[in-house]
Amino acid sequence: MTRIGFYSGSFDPVTLGHTDVIRRATGLLDKLVIGIGVNPGKAPLFDDAERVAMLKEEVLAITAATKTKIEVVTFSGLAVDAARANKASIIIRGLRDGTDFDYEMQMAGMNGEMAPEIQTVYVAASPAVRHIAANLVRAVAMMGGDPSPFVSASVLKRLKAKARKQS
C-alpha cells in the first residue's frame, strides 16, 4: 500500500520551517502532496502560481535526496476534503509550540469526524526553525527588515522583489 500524505498551508511565502517539516515528513511517506490553500476572500502576498513555483523549486533537493514523490497542488475548501481527493491516508501537520498543538488537536478531532479513514500525524519542527512563521517573515520583509535567516536564497529574492514593488 502506498502511503500518501497531505500537507496543507498558505505557504505565503514558503519558509525554512515549512521545508523542515516537508523534509522530515518524506521519511514517513511514499508520496507527499503539498496543498496550497486558496481563499478568494484573502489577498496573499504571492499569488497561487507564484506559491506553486516557489514550492516546486524548494522541494527539488528534498525529492532528490529522499526519493519520495512530492506533488504541489492548490485547493479551496476544507483541507480534509483536499486530502481525500488526493487519496491521502495521512494529514501532516507541523508543530512549533504548545499553542500550535492545542489548535492542531482541535483540527485533528474535527477532521477525524469528517474523514475517519485519514489519520493526522504531527511533525515537530526542528529547534532551529521553531520560531519561524510565514506571517512574521512577510512583515519583516515588507517593513524593510532582513528575512534571510527564515527563507531560502530563492524565496529571499522573491520577497525582496515584492518589497520593492510595495514601497
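Derivation of every value follows stated rules applied to the coordinates shown; laboratory data play no part. All of these numbers come straight from a predicted model, not from anything done at the bench. Cβ atoms come from the backbone with ideal geometry, glycine included; neighbour counts cover every protein chain shown.
Descriptive notes on the structure:
- Choice from Asn86, Asn111, Asn135 with maximal GNM fluctuation in the chain (Cα, 10 Å cutoff): Asn135
- Taking a ≥ b ≥ c as the square roots of the eigenvalues of the alpha carbon gyration tensor, region 5-65 is prolate, as a/c is not under 1.5 and a/b beats b/c.
- Tilt relative to the chain, helix 153-166 - C-alpha long axis, 0 to 90 degrees, to 10: 60 degrees
- In Hz, Karplus ³J(HN,Hα) per residue of region 29-34 (6.51, -1.76, 1.60; θ = phi - 60°; x = Gly, Pro): 10, 8, 8, 10, 9, 9
- Across the chain, the mean sequence separation of Cα contacts (distance under 8 Å, 6 or more residues apart), normalised by length, yields a relative contact order of 30 percent.
- Partner lysines whose Cα lies under 17 Å from the Cα of Lys31, excluding those fewer than 8 positions away in the same chain, are identified as Lys56, Lys67, Lys69, Lys87.
- Put simply, the Cα atoms of region 4-130 extend 35, 33, 29 Å along their principal axes, the longest span coming first.
- With loop membership from DSSP and a limit of 12 other Cβ atoms within 10 Å, the longest segment of the chain without trypsin sites (Lys or Arg not before Pro) is 88-167.
- For the chain, built as a Gaussian network whose Cα springs stay under 10 Å, the top-fluctuating residue of Thr68, Thr19, Thr99: Thr99
- Global geometry of region 40-86, whether rounded, prolate or oblate, following the gyration tensor of its Cα atoms and the 1.5 cut on a/c: oblate
- What separates the Cα centres of region 113-148 and region 49-92 is a distance of 15 Å.
- Most mobile listed residue (Pro13, Pro127, Pro44) in the chain, GNM with C-alpha springs under 10 Å: Pro127
- Here the sum of -39500 (n - 2.57) over DSSP H runs of 4 or more residues, divided by the residues of the chain, equals -14500 deg cm²/dmol at 222 nm, to the nearest 500.
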